[in-house]
Amino acid sequence: SSPAAPAKKEGPELRKVRFGTNWVAQAEHGGFYQAVADGTYKKYGLDVEIVPGGPNVNNRILLPVGKIDFFMSANSLQSFDAVEQKVPTIAVAASFQKDPQVLITHPGMANTLDDLKNLTLFISKEGMASYYQWLKADYGFTERSVKPYTFNPQPFLADEKSAMQGYVTSEPYAIEQQAKFKPKIFLLADYGFNSYSTLIETRTDLVAKEPDMVQKFVDASAIGWYNYLYHDNKAANDLIKQHNPEMTDALLANSVARMKEYGIVDSGDTLKFGIGAMTDARMHAFYDKMVRTGVVKAGLDYKKAFTLQFVNKGVGLNLRPK
Amino acid sequence: MKESGLVRTVLPVLLLAGAIAAWDMAVRVFAIPPYVLPGPGLVAGALIGDRGLLFDSLVVTLTLAIEGFALAAIGGIFWAVVFNQWRVVEYSFYPYAVVLQVTPVVAIAPLLLIYLPQHLAVLACAWIVAFFPVLANTTLGLRSVDRNLVALFALYKASRWQVLVRLMLPAALPQILAGLRIAGGLSLIGAVVAEIAAGSAGAGSGLAYRIAESGYRLNIPRMFAALLLLSLAGVAIFAVLSALSHLVLRRWHESEVKEER
Amino acid sequence: MKESGLVRTVLPVLLLAGAIAAWDMAVRVFAIPPYVLPGPGLVAGALIGDRGLLFDSLVVTLTLAIEGFALAAIGGIFWAVVFNQWRVVEYSFYPYAVVLQVTPVVAIAPLLLIYLPQHLAVLACAWIVAFFPVLANTTLGLRSVDRNLVALFALYKASRWQVLVRLMLPAALPQILAGLRIAGGLSLIGAVVAEIAAGSAGAGSGLAYRIAESGYRLNIPRMFAALLLLSLAGVAIFAVLSALSHLVLRRWHESEVKEER
Amino acid sequence: MANSIVSLRDVGKIYDSGTAALAGLDLDIREGEFVSLLGPSGCGKSTALRIVAGLSEPTSGAVEWPAGRAAKTAVGDIGFVFQEPTLMPWATVAGNVELPLSLAHADAEAAGRAVSSILDHVGLADFAASYPRELSGGMKMRVSIARALVTEPSLLLMDEPFAALDEISRFKLNNELLSLWQTLRRTVVFVTHSVFESVFLSQRIVVMTSRPGRIFAEVPIDAPYPRDECFRTSAAYAGYCRKVADVLAAAMGAQP
Amino acid sequence: MANSIVSLRDVGKIYDSGTAALAGLDLDIREGEFVSLLGPSGCGKSTALRIVAGLSEPTSGAVEWPAGRAAKTAVGDIGFVFQEPTLMPWATVAGNVELPLSLAHADAEAAGRAVSSILDHVGLADFAASYPRELSGGMKMRVSIARALVTEPSLLLMDEPFAALDEISRFKLNNELLSLWQTLRRTVVFVTHSVFESVFLSQRIVVMTSRPGRIFAEVPIDAPYPRDECFRTSAAYAGYCRKVADVLAAAMGAQP
Ligand SMILES: Nc1ncnc2c1ncn2[C@@H]1O[C@H](COP(=O)(O)OP(=O)(O)OP(=O)(O)O)[C@@H](O)[C@H]1O
Ligand SMILES: Nc1ncnc2c1ncn2[C@@H]1O[C@H](COP(=O)(O)OP(=O)(O)OP(=O)(O)O)[C@@H](O)[C@H]1O
Ligand SMILES: [Mg+2]
Ligand SMILES: [Mg+2]
């Protein structure tokens, strides 16, 4: 899957890198595909192979055992889990400043998050293990009304009195297209679920032994994101479509638009620090919240979950349109 | 005889002990981290530490598996009989039984969730998985009945029902029981898959959720503990069905009669 | 005879046509939206429109299923034979075969991915699902051999190998073939589950991924088209195995010999 | 002369394998008679018996049942002893023998009495609770005989029932069969390979040619009943035997 | 006198079901002899034959093989005709008969010739390609006999081989068996219910009591071989038959 970029030149040997994502190729991975497609990684001396995930695929375990070098984790919770389970992995950058996790209802069925408690909720198993615990603790949701979401919105569509989870960038559009109505959307980040999302995780030993390589990956990815969001992303989109034939240009365009609209990738801290930014304050706040909700054990050395060594350097800020 | 009984129990136990020891050794010697392969100690620890949680989940899964098994057994035998009695029905409907078998539960679970109340949807998923082996084996059994015995029953003007109950079903018993043995394990798998695809999550959910959740949370020892419970449940179901088979067939069928020399 | 042949083909076709018509009617009358249940026309449209994509996926899934089936058939028969020959091995290892059967593939797929290259991991998943029915049925078949024939072979000082190849396996054929018929469908399910749990997603992936992704994208007609292809593949596998069974057994075994009056 | 209860007219039977088992067989079974079928191995005796019972259908010719009676079900109750024991392996000896009674919903107690009485007659009283696989070849055959007799059927079809029995048991059962036949006057069609047995038992012996089977000759045995050990040692008996043996030899020579 | 090739000493056999089949059976099988076992149905003849073949083990007593020969394998090649045909249903008639030869890796061509010759002898040449289920009862038994004879075994054990055959086939096969025995001088142990047959064939008749079986008497048949139709019609033959029949009757009366 080598991009259209010029074939290997003299130069030094490229470092082979495998990056596992958490879903099939889609716009939410755009920055990474961009960096592959336009040769940014190559420029940084990396030969990146993207290993797509999917429903029911747990690529995560492949990271600590060395089958992949970087992993795209869904939210910061997973990083805390790694610390708790003494898994030697660590978050080195946060591609998404806001978790795109949403709850979706039929129009007119709910106005506030509280209204959702009266509906049947379609939540995935991962969702149950993470943000739903926070909903329980902070908003008094119960598990009684939950049915499993197997990444198929049909049951939701068939039942007006239901809500389902989704990514702001993805499911609402599919529903709009197919079911011809505009669903109501609750972005959890807006209600205080202040996790980073789509983090780049790697092994602690890579951080210790090959910090250069890690730095290059983080930097090149950030540049990829800027180019994907703000410049010509056709090459990346072609690569995505090649990896995922289900993908359409309209879908990709919509996702990009939503990412911009909600400031998923580029908002807040990134305006100053560049894409991928993380701060201790944000991590701390989220950790405290998760301890309060009982999802994470108290007394965890949460600082082991991430490192700021590679981010907040303003890499690529120059690519941001003024 | 005494000796074979001894071999029958001691050897497997020794082997099991050996396997556990080897596992422990391997984990220690190669310093395999627990998130890749937890040692037996850790798994046992998880089993004991989380016993409340795990056993509750086990009960949920087992209940579902047994319900699914019962439905599969009844349904499989019933349809095999119907197919056997009316060939026309067989030609017309057997293909759909095959379709049922090959339809991935994960794919149809959303549809079932639309049309059925949740408990029924889950049950239907569990049932689908275990149904076909009973059907296929019972079909074979019913077809293999001694033709002369069939003739005899015809001579005595046995009713269709009598032929079925007094001839076909007893004659098919060995195959039916083998089908049930296959279905036993599958019903457990069915329960797990059904739970993943259509079951409720969170508190009060079964082993499947525990396994998935532990996997996502990288709590691999607990995941292994849950898998272990599942395996034990499977072996227990199999043992019960084997014992039943032995009890029923021991006096007359080759497969269970002790060889006498 | 001619008539029964007619009934055999015409009736199922009529029934199928009726079912499709009913489906179409229901969708129209109740105005079921296509994203809940697409009508047959839409599904056919998707089947034709996306034929390139879908048939590529079908080939991927079928290849995997056939590989898994072959492994399950060979492995199931092999282990049944080993268990039959050495009872000690049976007592020691049969429980692990049961454990294999009840272990949910979804749960162990990540672990397999750690230790095996991806293709092997996927294959292992597909194999696990189809293995047990072959094992269980072959075991029954091998145990049901006529004792007098065993005695005869002993008298003629047949080697163990000869007893196996010339007596046990032929005698067990009806049961083995029934096991294979069960395994055929299961291997397809196995391929689907393996693909979902351990396969690479995206381009070049099989029907399972098509089903999941089409569902996610609410391209329900395509999802149904993929399901339909899967069902057809299952029915085809079953038909092939049934024909094989008929061919092999038609001259001598009750289950396939035509009843002569 | 008594009425026929079934007549085979020019019956032929060709199996799917291509073997012609019967060709042009004409056979009348008359009410109340004791007739034996004699013929070389593989000549179609079992096939003919199955056709008489309605278990098999001829590929040519006709099976005629007396007017006013529907085919097959016409005969009333039939007892059949297959050439092989044909027992249900999952039922005990008593269960196997009781089968025809319980299929007819006979009174359980009466059935029990009938079963133990007939088991006594065939010498298997001690084995009522045994399973078929625990019996010797001859004992299995006796269970099968007991099953056929327990209903006192009006048509009794027996395919070499006593072949696996020692001569003393055989004589004993011959006598029992005869006395049963005489008291109840049921129809018996009896396949045997023993010339002596056929002469001792029957009113009429039908000798068949070798495959494809048809009737070569009929030998009436006009000796009066009851026949007993005296008859067995009589000159008439020896004469009949010689005659039947000659006919049989001729029948086997008749056709290649 | 010839050496014993196997001796049963005080052999008892109690099956797991509790049935005592044999008790205190003493039996010597001498090299090259033709011995018949005679006894009531269920007396343990088949059981004894299986013990001689090493297929079954006594629960008491001993089976002695001549010094220098290991048990069971001692006897060299054995031919066994089971009381039931015991054919492989998936093999053709020729395949079934060829079995012992192909198990011994005999030359395929020679085996083929041997098979068709023996099938000719038992009158089944036309059925070489048939499957067992397409045969009549007597034909199946003949296949089984052909299979036992095709290897010309040094010990031939036959359990009522001719019971399902008509008398003419039976006489023919009796003669063939005898001439085979005379030319090759193999040992034959023959179980039968026919007094006539046993007298015609054997050098020695062992009469067993009813269950649990043991030896009631031995009757030597000292008539010279070759025995032919003349012998069958001789006074000596009739005398032997009467004697054996009497002994058999006594044996059955001896024990309840
Ligand atoms: N099911 C069958 N399929 C094909 N051929 C058959 C079948 N049953 C019998 N035959 C053939 O029909 C012929 C007559 O068989 P049948 O059993 O009637 O003979 P029989 O007179 O009873 O012989 P026996 O005395 O040996 O029992 C035989 O040649 C046999 O090969
Ligand atoms: N497998 C078995 N299990 C239990 N009992 C058995 C078994 N085989 C035979 N018997 C019993 O042992 C006794 C002797 O049986 P065997 O078969 O040796 O008799 P046989 O002399 O050959 O009789 P037949 O002339 O009827 O063949 C019988 O009473 C029978 O019930
Ligand atoms: Mg016959
Ligand atoms: Mg016997």
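Just so you know, all these numbers are worked out from the coordinates, no wet-lab data involved. Please read these numbers as outputs of a predicted model, since none were measured by experiment. Cβ sites come from the backbone with ideal geometry, for glycine too, and all protein chains shown count toward neighbours.
Over the alpha-carbon set of the range A:274-322, divide Rg by the Kirkwood Rh and report the Rg/Rh ratio to two decimals.
Working: Rg = 14.4 Å, Rh = 12.6 Å.
Taking Rg over the Kirkwood Rh, I get 1.14.
Ordering E:S46, A:V24, D:I168 by the projection of their Cα atoms onto the charge dipole of the protein assembly as shown, which places +1 on the Cβ of Lys and Arg and -1 on the Cβ of Asp and Glu, puts A:V24 at the extreme positive end. Each peptide in A:74-87, C:36-49 was scored by the mean count of other Cβ atoms within 10 Å over its residues; highest first, the order is A:74-87, C:36-49.
Amide H to amide H distances under 5 Å link A:F122 with A:K147, A:A163, A:M164, A:Q165, where only residues 5 or more positions off or on other chains count and H is placed in the peptide plane.
With charges set only on the Cβ (+1 for Lys and Arg, -1 for Asp and Glu), what does the dipole of the range B:3-159 come to about its Cα centre, in debye to the nearest 20? Don't jump to the answer; show the numbers that get you there.
Numbers: 7 positive and 7 negative charges, 86 e Å.
The calculation lands at about 420 debye.
Rounded to a whole number, what is D in µm²/s for the range B:39-256 from Stokes-Einstein with the Kirkwood radius over alpha-carbon pairs (20 °C, 1.002 mPa s)? Show your work: numbers first, answer last.
Numbers: Rh = 18.9 Å.
The calculation lands on 113 µm²/s.
Given +1 at the Cβ of Lys and Arg, -1 at the Cβ of Asp and Glu and no other charges, the dipole of the protein assembly as shown around its Cα centre is 1480 debye to the nearest 20. Modelled spin-label separation between C:A154 and A:K297, with each label point placed 7 Å from Cα along the Cα-to-Cβ direction: 6.2 nm.
Distances between placed amide hydrogens fall under 5 Å for E:S4 paired with E:E31, all partners being 5 or more residues away or on another chain.
Ranked from highest to lowest mean number of other Cβ atoms within 10 Å per residue, what is the order of the peptides D:215-223, A:254-262?
On the way: D:215-223: 16.3, A:254-262: 18.3.
Sorting D:215-223, A:254-262 by mean packing, highest first, produces A:254-262, D:215-223.
Over 15 Å, how big is the tail of the calculated P(r) for the range A:48-150, in percent of all Cα pairs? The proportion of pairs with Cα distances above 15 Å equals 70 percent.
From the cross-link list A:K147/A:K180; A:K16/A:K322; A:K147/A:K304, which pairs have alpha carbons spaced over 30 Å apart?
A:K16/A:K322; A:K147/A:K304
Comparing mean-square fluctuations of C:E195, C:E67, C:E90 from a GNM of chain C with C-alpha springs under 10 Å, the top value falls on C:E90. Rounded to the nearest 20, the size of the Cβ-charge dipole of the range A:166-322 about its Cα centre is 340 debye, with Lys and Arg at +1 and Asp and Glu at -1. Of interest is the spacing of the C-alpha centroids, which for the range E:218-256 and the range A:261-283 amounts to 113 Å. Neighbouring Cβ atoms from other chains, within 10 Å of the Cβ of residues in B:184-190, number 5 on average. Note on C:V82 and D:D222: with the Förster distance fixed at 56 Å, the Cβ-Cβ geometry gives a FRET efficiency of about 0.20.
For the rotation that carries chain B onto chain C, the axis lies closest to a Cβ at B:P133, 3, where the number is the distance in whole Å. Per q in 0.10, 0.12 1/Å, what log10 I(q)/I(0) does a Debye calculation on the alpha-carbon atoms of chain A return? For chain A at q = 0.10, 0.12 Å⁻¹, log10 I(q)/I(0) is -0.55, -0.81.
For the protein assembly as shown, what is the convex hull volume of the alpha-carbon atoms per residue, in Å³? Kindly include the intermediate steps, with their values, before the conclusion.
Details: hull volume 280.7 nm³, N = 1356.
Considering the Cα atoms of the protein assembly as shown, their hull volume per residue is 207 Å³.
Pairs of Lys residues in chain D that lie 8 or more places apart, or on two chains, and have C-alpha atoms under 23 angstrom apart add up to 6. Summarising the amide proton neighbourhood of A:R15: residues at separation of 5 or more, or on other chains, whose placed amide H is nearer than 5 Å comprise A:L46, A:D47. Mean partner shielding of peptide D:183-190, defined as the number of other chain Cβ atoms within 10 Å of each residue Cβ, is 0. Each copy carries a label point for B:Y96 at 7 Å from Cα along the beta-carbon vector; from one copy to the others these points are 4.3 nm apart, nearest first.
The aspartates and glutamates within cross-link reach of A:K125, meaning a Cα-to-Cα straight distance under 15 Å and a gap of 8 or more places when in the same chain, are A:E143, B:E195, B:E213. Working note: 222 nm ellipticity from helices only, DSSP H runs with n ≥ 4, each -39,500 (n - 2.57), summed and divided by the residues of the protein assembly as shown, gives -17000 deg cm²/dmol to the nearest 500. Restricting the trypsin sites (Lys or Arg not before Pro) of the range B:134-181 to loop positions (DSSP other than H, G, I, E, B) with no more than 15 neighbouring Cβ atoms within 10 Å leaves B:K157. Distances between copies of E:P66, taken at a point 7 Å out from Cα along the Cα→Cβ vector and listed shortest first: 6.8 nm.
Computed over neighbours whose Cβ is under 15 Å from that of B:L142, the net charge equals +1, Lys and Arg +1, Asp and Glu -1.
Pairs A:K260/A:K303; A:K234/A:K260; A:K42/A:K209: which exceed 26 Å Cα-Cα? Mind dumping the intermediate values first?
Numbers: A:K260/A:K303 30 Å; A:K234/A:K260 17 Å; A:K42/A:K209 21 Å.
In this structure, A:K260/A:K303 lie more than 26 Å apart at Cα.
Counting only other chain Cβ atoms within 10 Å of each residue's Cβ, the peptide E:101-108 averages 3. Using the Cβ of A:M259 as centre and a radius below 10 Å, the other residues enclosed give a net charge of 0, where K and R count +1 and D and E count -1. Couplings 3J(HN,Hα) of the range B:108-114, computed from phi: 9, 3, x, 5, 4, 4, 5 Hz, in residue order, whole Hz [Karplus 6.51 cos²θ - 1.76 cosθ + 1.60, θ = phi - 60°; x for Gly and Pro]. So if I take the centroid of the Cα atoms in the range A:184-230 and the same for the range C:212-261, what is the distance between those two points in Å? The range A:184-230 and the range C:212-261 have Cα centres spaced 47 Å from each other. Here the 3J(HN,Hα) profile of the range E:175-188, calculated from phi with Karplus coefficients 6.51, -1.76 and 1.60 at θ = phi - 60°, is 5, 4, 4, 4, 6, 4, 4, 5, 5, 9, 6, 8, 8, 10 Hz, Gly and Pro shown as x.
If R₀ is 56 angstrom, what is the calculated FRET efficiency for the pair C:V59 and E:D26, using the beta carbon separation as r and rounding to 0.05? Provide the component values of the computation, followed by the final result.
Details: r = 74 Å, r/R0 = 1.32.
After rounding, the FRET efficiency stands at 0.15.
Could you tell me what % of all Cα pairs in the range D:21-173 have separations over 19 Å? Walk me through the numbers on the way to the answer.
Details: 6673 of 11628 pairs.
Of all Cα-Cα distances in the range D:21-173, 57 percent exceed 19 Å.
What are the equivalent ellipsoid semi-axes of the range D:193-256, built from the alpha-carbon gyration tensor (square roots of five times its eigenvalues), in whole angstrom, biggest first? Mind dumping the intermediate values first?
Values: eigenvalues 115, 23, 14 Å².
Values for the range D:193-256, descending: 24, 11, 8 Å.
Note on chain E: dipole from Cβ charges, positive end direction compared against E:P85, E:P212, E:V195; the farthest Cα belongs to E:P212.
Simple spin-label estimate for E:Y15 and E:S102 gives 3.3 nm between the two label positions (7 Å along the Cα-to-Cβ direction from each Cα). When the protein assembly as shown is described by a simple charge dipole with +1 on each Lys and Arg Cβ and -1 on each Asp and Glu Cβ, the residue from E:P66, C:P170, B:A65 located farthest towards its positive end is B:A65.
Rg/Rh for the range D:74-153 stands at 0.94; both radii use Cα atoms, and Rh follows the Kirkwood definition. For A:K289, a cut-off of 18 angstrom between C-alpha atoms picks up these aspartates and glutamates, skipping any fewer than 8 places away in its own chain: A:D81, A:E84, A:D99, A:D138, A:D190, A:D280, A:D301.
Closest approach to the axis carrying E onto D, counted by Cβ on chain E and given in whole Å with its residue, is E:A163, 2.
Across the identical copies, the label point of D:R9 (7 Å from Cα in the Cβ direction) is separated from its matches by 7.3 nm, in order from shortest. Remark on the range D:99-256: Rg and Dmax equal 17.4, 55 Å (Cα only).
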